[in-house]
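First the structure, in the form of structure tokens, and then the observations on it.
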Amino acid sequence: SLSLENELTWDDSDWGSWENPDGKEDGEEEEQQSAPWLQDCVLSLSPCSDLLVIAREHKATFLSAKWRTEEGGQEEMTLTVTWSGTLSADEGSSTGRPDWTCVVVGFSSGYVRFYTESGVLLLAQLLHEDPVLQLKCRTYEIPRHPGVTEQHEELSILYPAALVTIDGFSLFQSLRACRNQVARAAAAGSDVIQPPPLAYKKWGLQDMDKITDHSSIGITTLSVFDQMKNASMLGGFHASVKGSPPAMSQYITVGGGPYTGFYYAIEGSSQPLLSHVALAVASKLTSALFSAASGWLGWKSKNEEESVQKQKPKVEPATALPVRFGLPDSRRHGESICLSPCNTMAGVTDDFGRVTLLDVARGIAIRMWKGYRDAQLGWVQVSEARGERDLATSPSMPRRHAQFLVIYAPRRGILEVWGTQHGPRVGAFTVGKHCRLLYAGHRLMGVNSVTSQGWQIHTQQVCLFDPVNGALRAVTIPFHLALSDKKSERAKDMHLLRRLTTLLRSREVDVLLDIKHPAIKKQALESLLSNKNAPVSCLTNVTRALLASLKEQDPEAVDESLLQFCSSQLKLLQLYTDVQLLLLLSIQPSFSGIEEDLARVGPVLQRYTEMNSRPCVSFAQDSSGPLPVRTFLSQLEWVNGELRVIKQPDADWTQLGSFLFWGCLSGQSPLQRVCETLQESGISPQQLLSLLLSGWLNKEKDVLKYPDAVSHLGTLLSTLSSMKGAVDESWDGQSVSPWWQQVRTACVQSESSAAALLAALVAHRVAKNSITRLAESKVCLWGEEWECVSMELEQWVVCIKQLEDVLALQTLLCLPSPQGSTGGAVTRCSVKTLLESGRGGVADCVSKLIFRQGMSPDVLRDILQRRGENEPILDRLKIFHELLESVCQRFPNSLSPDVLFAHCSWENVVQWNKDPEVKTINNHKEVATAYFFYALLSGVSAMMWQTFIVKRFSAAAFLMEKVGKAPKDRLCRRDVGMGDAAMRSFLGSSVQLLQALMEADSAVEEVSAPDVCVEEVWGGAEGPVSIVELALDQRSVHYPLVQHHCVLASLLHAAMTFSLRLKPLSLFDSKGKNAFFRDLSSIQLLPSGDMDHSLVAVRQEFLMNVLTGWVKVLAESEENGVKHSSTEDMWPSVCMELSSILQVNTDILRRHLVCELYNQGLDLRAEEVMMEVQDKDVLGSQLLVLTGQRLASSLLHSQSQTKPNMELLARLPPTLCTWLKAMDPSELRCPSVPLSQSSRLINKVIEMLPENHGQYSLALHLLEAVDSLHEEP
């Protein structure tokens, strides 16, 4: 089979411009034309598949492989653009050292230029003045046999009628020198150092009409027979023959006339030519850099081209090389040739759609495939993997190699792999029709026989590039596909293994005995044992037969590991069978002594069972069926003659423990026989105890269904503890036993609270009986009664008390959340998790539950205050009240009211911070009244402010300062992280928090700080510091600074509530601004003394706007019949408190409020506020105008002006009439007020105005006019 690996992604979005420079085509046209442009490109892949070069006409791009990690954590390799620029490339090839890659580009002008992977020109050579047709490289190959001639590295360049070969060592030295020089020039601008000249040979290929491709085979030496044959054919009968065959360089060309030509150049017939190396100077480095702004760069300007033409180097003439022989076929024209890695075969494609396989040494065609028009070829050489047995028997034997020819037929869109020379097709894949097969044909350059020692040569890869999805896939072929079934035992064994896999379902497994190789035989047995369909009897028979066949063989020829594997698996299968056969009739429990303990914990167990009996989702694969034999075998192993349990996750231990012991616990298996079977199997008592406890603790629901399971557990524990090696014989009963400590450790770590408590009660009774018997056997001198006291029993008392507490707590945590709440999964706890969670672990769990229940602080306060009382409460709170009271009785210190309220407050803010849109902060005033210790309230509030509130609060202040008004929903979400409605609620909660902080700071000295303590059995709790401890360690806050922030919070809250214009920070001077958002415990320089009058005026205007907004909201609620809350009535008092702090005249605000209320028609509320106004004269004048506006609206601007109204207007004094006409009733928000209210208002005005007031007489005239109007029918 073949495997596709090393997938690389490719982005060709920018390369469509080659087909359409304007880029105006739509998506469908781009998709249709995505493939054709690639067919016109030259693609070349480096030997390590880490650099891909794509060139077409005047453009080239270098892409290098990079590792990229996706969001899900999966790594993949992608190709990213390393360099791109404008070239006149006809062909490209890549070679180089492992640390860098050199790209060789042949030009139509005859130049050959060498570039780095970043596009920097290293050197350029003009070796022939014809277009470059092909570039091919031959690198060092490690000889596999002593007689193989060692080949040297070489770069060959094909022109239409010439072939240039450059010595690889010379080229490598020049490239390294040029690269070092370019690096120095780029770093420091040093002088140019002339690299060594290139040594090359130039051959003029004769006797062929057209040459399209070539291949350099290397140096070959003919045998004596071939030498004499060639001499007689070339020189005739009298030809002389040299004493030793000459060394020759062989070249094969394909084209036309003849179809394939074979050239031989005798070594020494032509001296190497030395060329002058044209080094790219440092000043031209900038022209090779990629510019992201301009896209493609011009490689050379016109002036540079002209200078190059003038300085064209001397071109050496070629040495004529006639063709020795060929494959003549006048109608067939060769298109390409691909040499195999072993230099013995070559694949040739032609225009007839044939692929011909050539024998390079004999010069003949040995195989031909038809139907492969425009085929692309590649070779894969695979080495045989050596096993340990092969290395031991014949370590010096060379490994075998297989050659596979890869053919890609683009017309059919198929990729085929053929074995050579006459092998079958071993694989075929359907791929796209526009792919390119990439095969470098060489390895890394710069390696020789010395440097290759101990070096793993990189395997030549054949890759397929698909431009449609941008994937680059490598072809990998296993070696055994080159072997025939008749000649290879391994191939036959692989076939038998596949046959065994097929026959496993039909249970015909005798074929396993026919496999010869031990490694494959072991693999086949493992496959059989892991099959889920094979029955135990079948597995046992096959394993027993295989073991018998191994014992019959010669002991020296038998693989020891296979023999041990068969023996151990047979013992495990026998144990599995024995345990299954012990499923008999139920037995009666015989263990007693824990009835009192069960009666004591019975009510809590019953309530816990009720809470956990709700229906839940289960999956078919999790159903508790019999343990599969393959799972049983995978969890046990034989080590040095002892059966051990492989350490696996708890779930796996549960399965195995249930399989071994659940029959005993449920009363379906005889305890004694099961324990004897397990003891005889060799499993240690400690591991049996672990399996028993795992099965018990993880099957809690099943345990609670069987009342007799507790008695069976006691019998099992007694039996296991009496086994040899269970309890140390030197244990005296006074110290702690490791055996019973193992039980306690398992119980305190388990989250199955009920099962753990039952196991602890049973183990305590068994341990106590054991200690009593031990003491009675040692002490028989005293006849009086005595009670045994030991460290072991004290440990059990503490453990059981802890487990009882955890069971009560877990019962409370299992309380279901109200419908529609975001409760999430039930929190599971254990003794270990509570001990590791510190002193606040219990309160933290309960506070999370209270939050899930959606309980308000006042309801929680009532529940805690009624602790122990039998007052009636709501039905939905009855269960919660009972469970919470039970837990609080067990944790009187950990769940004291103040500690619980502190954790609940903190949990509420934590959950709000996760999702401010959905959740809201509790009313902190209600929370504050629940605290008894004000130091705790102060610390928790300060921590909330510093951790969660101040960041969002400052963001809200800066946002409002920036926009100058209440921001819209989009801006609130962007800067503060919540919508405008949530931000309004948040600012109100911030005000309450700061007010509670000020109240707590004022009263903190009255009550001393509480002591943080826990219950005695929980004294060993270690973990993170609790919220209470952190709160009590907080420094006391600076009251003026808290008040300063509270003022700002009130201003922000008012602006958001009534959608007012406000720049909040502009209402404070520089001292006030600098003090904001500092640590509340720090001493800041706050504003003092009289404030600037302009600043006070701005503050006054804003507070008046707040009162106006409140009056509007109040009028709308009364008009709609909506009862407004008490929080809405707070705004007048809030404004009055702020005015005293902000140095604003409070009486001005009250007068403004009275006028606004009368303006809105809320006369009764206005009269209430009027009583607090100090300056009655000014208020009277203001209300007189408002009364005039009301009267003018009734007389002058009424829709139905009646005749009496007109007559009354005519009787009015001219002064009053003129004054009324000057009034503007449009300023009234409620002009249609009953005349009785206006009459009452004018009487109030007359009472407030002194008789000597200038407008007193005007007020009297108004009263008369209103009364007259009121008397009209």
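The simple Förster model, with R0 at 35 Å and r as the Cβ-Cβ distance, assigns Q1237 and A981 a FRET efficiency of 0.45. Put simply, when 989-998, 1073-1082, 122-131, 762-771 are sorted by average Cβ atoms within 10 angstrom per residue, most first, you get 989-998, 762-771, 122-131, 1073-1082. Once backbone amide H atoms are built at 1.01 Å from N, L1080 has no partners under 5 Å, excluding neighbours fewer than 5 places away on the same chain. Ligands, DNA and RNA are left out, and with a 1.4 angstrom probe the accessible area of region 734-776 is 33 Å² per residue. Evaluating 6.51 cos²θ - 1.76 cosθ + 1.60 at θ = phi - 60° for every residue in region 148-160, the Karplus couplings come out as 7, 5, 6, 9, 9, 6, 7, 10, 10, 10, 9, 10, x Hz, glycine and proline recorded as x. A simple spin-label model places the labels of S684 and D1079 5.4 nm from each other, with each point 7 Å out along Cα-to-Cβ. Net length available on complete extension from A320 to Q523 is 66.9 nm, with 0.36 nm assigned per residue and the Cα-Cα distance removed. Using θ = phi - 60° in the Karplus curve 6.51 cos²θ - 1.76 cosθ + 1.60, the 3J(HN,Hα) couplings for region 264-273 round to 10, 10, 6, 4, x, 6, 9, 6, x, 8 Hz; x is entered for Gly and Pro. Subtracting the Cα-Cα distance of C1230 and N1252 from their residue separation scaled by 0.36 nm leaves 4.8 nm. Model label sites at D862 and Q271, defined 7 Å from Cα along the beta-carbon direction, differ in position by 11.6 nm. For the listed peptides 409-420, 1015-1026, a ranking on the average number of other beta carbons within 10 Å per residue, highest first, reads 409-420, 1015-1026. Other residues lying with their Cβ under 9 Å from the Cβ of V1111 contribute a combined charge of +2, Lys and Arg counting +1, Asp and Glu -1. Atom-type composition of the exposed protein surface of region 1042-1169 places 49 percent of the accessible area on carbon and sulfur (1.4 angstrom probe). Put simply, the amide H of L483, placed in the peptide plane, has no neighbours under 5 Å, leaving out anything fewer than 5 places away on its chain. Distances between placed amide hydrogens fall under 5 Å for E153 paired with G168, F169, all partners being 5 or more residues away or on another chain.
Take the alpha carbon atoms of region 413-431, find their center, do the same for region 745-763, and report the distance between the two centers in whole angstrom. Spelled out, the Cα-based centre of one part sits 64 Å from the other.
Note on S1036/R1061: beta-carbon distance plugged into 1/(1 + (r/R0)^6) with R0 of 41 Å gives a FRET efficiency of 0.65.
The Cβ shell under 12 Å around G1072 holds other residues with a net charge of +2, Lys and Arg each +1, Asp and Glu each -1. Distance between the pseudo-spin-label points of E1029 and E1119 (7 Å out from Cα toward the beta carbon): 6.0 nm. With R₀ fixed at 60 Å, the C-beta to C-beta distance from K516 to T745 puts the FRET efficiency at about 0.75. A simple count of charges around D969, restricted to other residues whose Cβ falls under 12 Å of its Cβ and scoring Lys, Arg +1 and Asp, Glu -1, yields +2. Segment R673..E1172, full-extension length gain: 170.1 nm, with 0.36 nm per residue of separation and the alpha-carbon distance subtracted.
The values are calculated or read from the model by the stated rules, or taken from the named source; none is laboratory data. In this text the structure is predicted, and so the values were computed from the model without any measurement. Methodologically, a virtual Cβ is constructed for each residue, glycine included, from the backbone with ideal geometry; neighbour enumeration extends over all protein chains shown. For the accessible areas, the whole protein counts, side chains as well, though only heavy atoms, and no ligand, DNA or RNA atoms are used. Shrake-Rupley method; radii C 1.70, N 1.55, O 1.52, S 1.80 Å.
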